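Okay, structure first, notes after.
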Amino acid sequence: MKIIWSPLAVDRASEIADYITLDNPTAATRWVERIFEKVNALSSSPEIGRKAPKINREEIRELLFGNYRILYRIEKSHISILTIRHGKQILPVDEILA
């Protein structure tokens, strides 16, 4: 399946990478590479993520990646990457269901 990143997900990934870069640019590059590897695995196995807690919709799932949650929606023709959040952050449901 094709994977489409939402503008919000791209912004969040960029913000996280920028933050990591402040401390360790090499680690930031590795983080970006690894997150893309993790997300690309969805193309062949879209249901590897668990159903997102508190959203309770089968098509909205999350992959755990270190301290981060990658939220995505399985659609008929593609997978939409909705956002990336730190696991300790409260997930604004309106970000996901908008």
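Going by the conditions given, is Val10 in contact with a helix residue (DSSP H, G or I) (Cβ under 8 Å, 6 or more places away or on another chain), surrounded by 12 or more Cβ atoms within 10 Å (Cβ to Cβ) and over 14 Å from His86 (Cα atoms)?
Values: in contact with a helix residue (DSSP H, G or I) (Cβ under 8 Å, 6 or more places away or on another chain): no; surrounded by 12 or more Cβ atoms within 10 Å (Cβ to Cβ): yes; over 14 Å from His86 (Cα atoms): yes.
Answer is no for this residue.
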Determine if segment 86-94 includes at least one residue that is of a type in the set (A, V, I, L, M), out of contact with any Asp or Glu (no Cβ under 9 Å at 6 or more places or on another chain) and modelled with pLDDT of 75 or more. no
Selected residue (criterion: surrounded by the most Cβ atoms within 10 Å (Cβ to Cβ)) from residues of segment 17-67 that are among the charged types (D, E, K, R), assigned to a helix (DSSP H, G or I) and touching a strand residue (DSSP E or B) at 6+ places or on another chain (Cβ under 9 Å): Lys38
For segment 30-57, pairs from a residue that is more than 15 Å from Arg69 (Cα to Cα) to a residue that is exposed (fewer than 10 other Cβ atoms within 10 Å of the Cβ), with Cβ under 8 Å and 6 or more apart or across chains, are Ser43/Lys2
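Within segment 69-79, can one find any residue that is over 12 Å from Arg12 (Cβ atoms), part of a helix (DSSP H, G or I) and modelled with pLDDT under 95?
Residues of segment 69-79 over 12 Å from Arg12 (Cβ atoms): 72-79.
From what is left, the residues that are part of a helix (DSSP H, G or I) are none.
No; the residues of segment 69-79 include none that is over 12 Å from Arg12 (Cβ atoms), part of a helix (DSSP H, G or I) and modelled with pLDDT under 95.
The values are calculated or read from the model by the stated rules, or taken from the named source; none is laboratory data. These numbers were taken from a predicted model, which means no experiment stands behind them. Every residue, glycine as well, gets a Cβ built from its backbone with ideal geometry; the counts of neighbours run over all protein chains shown.
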